[in-house]
Each structure stands twice: as C-alpha cells, then as structure tokens.
Amino acid sequence: MSTLTAFGKLPTLNSATILLVGTNEIFQKEFAETILEETQDLKINIHLADCLPLPPERDHIRPRIDLIVFMVNMQSKHSYRNIEASLVHVDANFFLGKVCFLATGAGRLNQISVDVNAVLKLADLYCSPVLFCELECKKIRIATAQRLLRILQICAGHMSGVSALSFSSLMKSSIEDSSFLA
C-alpha cells in the first residue's frame, strides 16, 4: 500500500491538479465536466478515483496533486466507510490545507443514511473544511465547482498572498463562528 504524498513532485507552471475520490462515478464525472467547463487561466487536470490508495504502477506519470476532494454521498454508508478507509492512505502534509470534503445529498433529509455530524467530526479530525451541495442541481453544481476552483488555485499556489494552510484556517474559523448562530 502506498501513501499519497503532498510534496513528492514539483508543481507545473500554470496548471493545477485535483483528485476527486468517491464511490458515485456518475456524480464524479458530471462534477468533473462542470469544473472543466468553467473558464480558467490555469490548465486544470482532474483525476477520479473510487478509493485510495492509487495504483503505484502509474505513479511516475501522475502529476502532483494540489487538492484532494473526498466526495461523501450522504445517502450511502458505503460511501462514508470508503472515504474513512481512503483517508489512511493520504500523507499528513495534505491535511495542511490541501484536502476538503464534499458532502452530497444532504438536502434530502428523509433519504440520509449518514449522520451529518459524522461527516463534520471526520472533517474536524482531519482539520479540513466541508462543503455541502446537491450535485443533481446544475446551478448548485456550477457554484460548487467555482468554489472548488478557487480553493484549487490557492492550494496550487496561484493566488498571491494566500497559502493553502492559511485559507484552510480561515475556512475552519468561519465554520466555527457560524455554529454560534444556530
């Protein structure tokens, strides 16, 4: 078993790579297409995986991964367990602002089989932000893709004055501040 390392490869000029990890291949592909449809100054590379670790035989041609997005389907306990099992194959340096969780399907409360608090605790355990969205809705999918592209730009170092770690800290503190409103 190999561990996915954060700084094992040099970055490439004017490009960024995102890894989408999740069990729902249809949503992954639709979301990847939505990300690629957004106009960017960067060349965006998207890799899809249903789980980690990634196959080691392709490691020599795989680009540096700037952001890992763990897509948790809130309607599938299998999806949640798969993400939990995949997290152990990620180098700790990724959790310095280069990982986020994307919780999908949380809007349909009667169909949720994964507790929202379980996802929040998992994100807190790995010091990573959570984005909640409904990928079935095109407008929400586009807005989420735009947010992730902004995060990707920061993680890849293409945003001057902002690092992935400082951005992650800001996201985490804004989430904690919003809990006082509830």
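Worth pointing out:
- Selected residue (criterion: surrounded by the most Cβ atoms within 10 Å (Cβ to Cβ)) from residues of the range 60-86 that are free of Cβ contacts under 8 Å to residues at least 12 places away in the same chain and over 24 Å from residue 35 (Cα atoms): 81
- If you filter the range 6-59 down to residues that are over 22 Å from residue 88 (Cβ atoms) and β-branched (Val, Ile, Thr), you find that the one that is surrounded by the most Cβ atoms within 10 Å (Cβ to Cβ) is 35.
- Qualifying position, being among the acidic types (Asp, Glu) and part of a helix (DSSP H, G or I), among 33, 136: 33
- Check on residue 92, open to solvent by 10 Å² or more (accessible area, probe 1.4 Å) and small (Gly, Ala, Ser): yes
- Residue within the range 125-140 that is modelled with pLDDT under 90, touching a helix residue (DSSP H, G or I) at 6+ places or on another chain (Cβ under 9 Å) and hydroxyl-bearing (Ser, Thr, Tyr) present: no
- Residues satisfying the stated conditions in the range 105-127, i.e. under 30 Å from residue 40 (Cα atoms) and open to solvent by less than 10 Å² (accessible area, probe 1.4 Å): 105, 123
The values are calculated or read from the model by the stated rules, or taken from the named source; none is laboratory data. The structure presented is a predicted model; accordingly, all values stated were derived computationally and were not measured. With ideal geometry, Cβ positions are generated from the backbone for all residues, glycine too; neighbour counts draw on all protein chains shown. Heads up: the accessible areas ignore ligands, DNA and RNA and are worked out on the full protein's heavy atoms, side chains in. Shrake-Rupley method; radii C 1.70, N 1.55, O 1.52, S 1.80 Å.
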